[in-house]
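Colleague: Could you have a look at this structure, given as C-alpha cells, before my questions?
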Ligand SMILES: NC(=O)c1ccc[n+]([C@@H]2O[C@H](COP(=O)([O-])OP(=O)(O)OC[C@H]3O[C@@H](n4cnc5c(N)ncnc54)[C@H](OP(=O)(O)O)[C@@H]3O)[C@@H](O)[C@H]2O)c1
C-alpha cells in the first residue's frame, strides 16, 4: 500500500501542477492502496525531504509521524510539563509520538514488550511498562493525554487513567470507540491525513534529528509481495518495512 512516497534525487514526483524532486509526500488515506514508483499527490501533502535524512527514512516516517502529529500537536495541543501515556511506544506511530511529545516538553510514560524496555527508556519514555503485565492501578488519574496507538485500552480504562480534563486519542476505531468518540466527550478519533502544517513540522523535526524512524527492513519493489508475506508470517523484530523503487 502506498502510505507515503518520495522522489529519488534523479526521480520526480508529480504534485498536480509540477514535478518536484527530493520531496516526501503522503496521499490521503482514501487514495492509498498500491505500491508504485510514482505517486500523484496534492501539493499540500508534500514537503521537501531534509537533506540529512535518507529517502528510506522519509518514507518510513511520513504516515506514522503525520498520525502522531495530528494526535498530539493538532488535537491534544500537548504542552510543556503535561503528561502523556502512549501504548505501543516502540511501534511506528508510538515511536513518533514519543519523540514528538518529548520535543514538546511533555513527560512520557508508555507500554511496550518487556524486551523493549531499555530502548524505550533511551527514546525518552520516562516510565516504561510491559504491556503483558499492565495493571492500571499505578496510573489512575495521572495523565493529561492517553494515546492508544496499539488499540488495546477500553474507554473505561482511559477514563481511569485521565486527569479530570484529560483527553484520550484513538487510531484503531472499534464500534464502541467510534460511538464514544462521536458523542461530545474527551475521547477522540485521529487519522493520518497530512496537512501542510504537519508535513512542514515533521520535515523540520526530522531535519533537526528530533524525529527518527526505525527501519526493520528494506526490499526492492520487485520483491514487495514476498516481503509483505514474510512480514505477515513472521513480523519484524522492530521497525518498518520500506519498499524501495528501482534505483
Ligand atoms: N487512524 C489512522 O489513520 C492510522 C494511521 C496509522 C496507523 N494506524 C493503525 O495504528 C496501529 C499502529 O500502527 P503502527 O504503524 O504503530 O504499528 P506497529 O509499528 O506494528 O506498532 C504496534 C505496536 O503495538 C505494540 N503492541 C502490541 N500489542 C500491544 C498491547 N497489548 N499493548 C501495548 N502495545 C502493544 C507492538 O509491540 P510488539 O511488536 O512488541 O508486540 C508494536 O510496537 C495499526 O493498527 C495501524 O493500522 C491508524
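The values are calculated or read from the model by the stated rules, or taken from the named source; none is laboratory data. The model shown is predicted, which means the values in this text are computed figures rather than measured ones. Ideal geometry is used to build each Cβ from the backbone, glycine not excepted, and the neighbour counts take in all protein chains shown.
Colleague: State yes or no: is residue 132 away from the ligand (no atom under 13 Å from the Cβ) and free of Cβ contacts under 8 Å to residues at least 24 places away in the same chain?
Modeller: So residue 132 fails the test.
Colleague: Still on this structure: Taking the stretch 161-191, which residues are within 16 Å of the ligand (Cβ to nearest atom), modelled with pLDDT of 90 or more and either out of contact with any strand residue (DSSP E or B) (no Cβ under 8 Å at 6 or more places or on another chain) or not in a strand (DSSP E or B) (or both)?
Modeller: 161, 171, 172, 190, 191
Colleague: Please go through the stretch 174-211 and pick out each residue that is without any contact (Cβ under 8 Å) to a residue 60 or more places away in the chain and under 23 Å from residue 140 (Cα atoms).
Modeller: 176, 177, 180, 181, 184, 185, 186, 187, 189
Colleague: Among the residues of the stretch 85-103, count how many are near the ligand (Cβ under 6 Å from one of its atoms) and farther than 17 Å from residue 130 by Cβ.
Modeller: So the answer is 2.
Colleague: Please enumerate the residues belonging to the stretch 44-62 that are surrounded by fewer than 16 Cβ atoms within 10 Å (Cβ to Cβ) and not in a loop (DSSP other than H, G, I, E, B).
Modeller: 44, 48, listed by residue number.
Colleague: From the list 224, 219, pick out the single residue that is out of contact with any helix residue (DSSP H, G or I) (no Cβ under 7 Å at 6 or more places or on another chain) and over 27 Å from residue 148 (Cβ atoms).
Modeller: One residue alone meets the criteria, 224.
Colleague: Only residues that are more than 12 Å from the ligand (Cβ to nearest atom) and surrounded by fewer than 20 Cβ atoms within 10 Å (Cβ to Cβ): list them for the stretch 192-216, please.
Modeller: Answer for the stretch 192-216, where residues must be more than 12 Å from the ligand (Cβ to nearest atom) and surrounded by fewer than 20 Cβ atoms within 10 Å (Cβ to Cβ): 195, 196, 197, 200, 204, 207, 208, 209, 210, 212.
Colleague: Here's a follow-up. What is the one condition in (1) more than 18 Å from the chain's Cα centre (by Cα); (2) at pLDDT 90 or above that residue 155 does not satisfy?
Modeller: Looking at each condition in turn, residue 155 falls short on (2).
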